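Data first, discussion second: the structure below is written as structure tokens.
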2 protein chains.
Amino acid sequence: MMGVMTTRAESAAATRRALLDAAAELLDLGGPEAVTLREVGARAGVTRGAPYRHFTGKDSLLTAVAAESWERIGDQVHALRTDPALSASEKLRGALRALIDVSRNQPHLYQVLFRRRAKLPGQLGDGMDRIRRQLCGPEGDPAVADRAAERFQDEFLDIVAALVGERNARHYGALLLTSAHGIAGMELSGHLDTDRWHTTADELVGTLVRMVTEAGEMA
Amino acid sequence: MMGVMTTRAESAAATRRALLDAAAELLDLGGPEAVTLREVGARAGVTRGAPYRHFTGKDSLLTAVAAESWERIGDQVHALRTDPALSASEKLRGALRALIDVSRNQPHLYQVLFRRRAKLPGQLGDGMDRIRRQLCGPEGDPAVADRAAERFQDEFLDIVAALVGERNARHYGALLLTSAHGIAGMELSGHLDTDRWHTTADELVGTLVRMVTEAGEMA
DNA sequence: ATCATACAGTTGACAGCGTCATCTGAACCG
DNA sequence: CGGTTCAGATGACGCTGTCAACTGTATGAT
């Protein structure tokens, strides 16, 4: 077929890549429940046990997929921020739209991006050890995903700072980000019905940006 | 032990109640994955097959739990709205806090409340029928949960209308609700770090309400 | 050139899961 | 009193994530 794989490192890297791609594809198609290690392995040309050579388990695999997606979004927002042809307002709107686009085009991935990080033990007895380990256990390397997400946040923060000033950037940045996340989430879950609310996600983002811009200029 | 259960209807109703309570408890403890029909049945004093006499499956059971929670939240907001001792602003802040309180005290339940409703088929082949059926199938009666959620939305809408007028109520209501949802969600997922953003969920809600109130008075 | 090692990948096995078909027994109703 | 209904019990099936044990080959030192 294509280029021969001789060295073990190359082969392993290719397998890891194929596993990540297969997991991302299955995630898009049917959500985290459809991401089966057996099916992921099959699509990557290996068997069910192979993923455990690259990830500590299913959760680790999904976390890695999320990390790559955060990096991709971070790159996208970075390109927006450093584009001299765009106004500050356009950059902000673009960054928020980037997030909402993910929630529209890859809703399952979007939910994985905002999975809760720190999970508490809780009290569940008997044969619930599987759940407990899955909740508290050392799930892959969430630190990588966290760092990628924080890179996106930093890029976003810089865009907001250029609009409302460094002083209020963090407060208004948090407000913009959380609100856009909520708009995306409710649209995704079907709770933002246009007939009921007489508005759309895009209109809400527009109002939000306008209100924050005005408030930021006053301060 | 306690009151004797003679009639079949009483017994069935008691079992259904016990199933719902057990499911809610397990949901709080370990999320949807910890809600096992076997464990739910055990805690309700029945066996694994019994829940299928009251719900079409696990998803239907969780939907029923969500419906009851929405009704509870709706009652709570209704009480706020009709409380003559509260100002319109206080009512709004209280309603938003009611939602955020759920996300703090019962994070897993909160996520179930905002699970996506309409799910699309998608293209996944081979042995993925389980996923497909779970995604598209007739999952219990989501209509009940939808109606309960819409009741909450109506109550919330009335509160907003009293503050910004009937004309802009829907637009600003949607903005307030989605934003609060996003604040709750990001706090829940750990992406709203106080050290990073130099703000808290409560401060964000305060700013949000203030901005919307000012914008609504202008219009 | 040879050999021991590391290690990606395979395989077998296990417990737990959701779900259905089948069966049972007691409450129901004519 | 006898038939029916139906909540619940039980057996079975295929699926899942996970791990222990195994295999074979590229690697690196000799």
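Of the candidates B:G30, B:G57, B:G74, the single residue that is in contact (Cβ under 8 Å) with a residue 40 or more places away in the chain, out of contact with any His (no Cβ under 9 Å at 6 or more places or on another chain) and within 16 Å of DNA strand C (Cβ to nearest atom) is B:G57.
Here B:E155 passes the criteria (1) of a type in the set (D, E); (2) more than 11 Å from chain A (Cβ to nearest Cβ); (3) within 18 Å of the chain's Cα centre (by Cα); (4) more than 16 Å from B:V77 (Cβ to Cβ) except the one numbered (4). Can you name the residue in the range A:41-61 that is within 13 Å of chain B (Cβ to nearest Cβ) and under 20 Å from the mean Cα position of the chain (by Cα) and is also farthest from DNA strand D (Cβ to nearest atom) among such residues? Among them, the one singled out is A:D59.
It is to be established whether one or more residues within the range B:171-188 are more than 20 Å from the chain's Cα centre (by Cα) and not β-branched (V, I, T). Yes - at least one qualifying residue is present in the range B:171-188.
Among the residues making up the range B:12-27, those that are surrounded by fewer than 19 Cβ atoms within 10 Å (Cβ to Cβ) and touching a residue at least 24 places away in the same chain (Cβ under 8 Å) are B:A12, B:R16, B:A18.
Residues in the range A:42-64 that are surrounded by fewer than 21 Cβ atoms within 10 Å (Cβ to Cβ) and not in a loop (DSSP other than H, G, I, E, B): A:A42, A:R43, A:A50, A:Y52, A:R53, A:K58, A:D59, A:S60. When the range B:1-40 is limited to residues that are more than 11 Å from DNA strand D (Cβ to nearest atom) and part of a loop (DSSP other than H, G, I, E, B), the one that is nearest to A:R117 (Cα to Cα) turns out to be B:G31. Residues of the range A:67-79 that are buried (at least 20 other Cβ atoms within 10 Å of the Cβ) and out of contact with any Pro (no Cβ under 9 Å at 6 or more places or on another chain): A:S69, A:W70, A:I73, A:G74, A:V77. Here B:L99 fulfils each of the conditions (1) within 14 Å of chain A (Cβ to nearest Cβ); (2) within 16 Å of DNA strand D (Cβ to nearest atom) apart from (2). Please tell me if B:D83 is more than 13 Å from DNA strand C (Cβ to nearest atom), closer than 25 Å to B:Q111 by Cα and more than 14 Å from chain A (Cβ to nearest Cβ). Here the answer is no, as B:D83 does not meet what is asked.
Of the residues B:A148, B:A219, B:A180, B:A143, only one is closer than 17 Å to B:G74 by Cβ and modelled with pLDDT under 85; which?
Matching residue, one of B:A148, B:A219, B:A180, B:A143: B:A143.
Scanning the range A:24-31 for any residue that is farther than 23 Å from A:R97 by Cα and not assigned by TED's automatic domain parsing to the domain that holds A:A143 turns up at least one such residue.
The values are calculated or read from the model by the stated rules, or taken from the named source; none is laboratory data. The shown structure was predicted, so the numbers you read here are calculated from the model rather than taken from an experiment. All Cβ positions, even for glycine, are placed from backbone atoms using ideal geometry, and neighbour counts span all protein chains on display.
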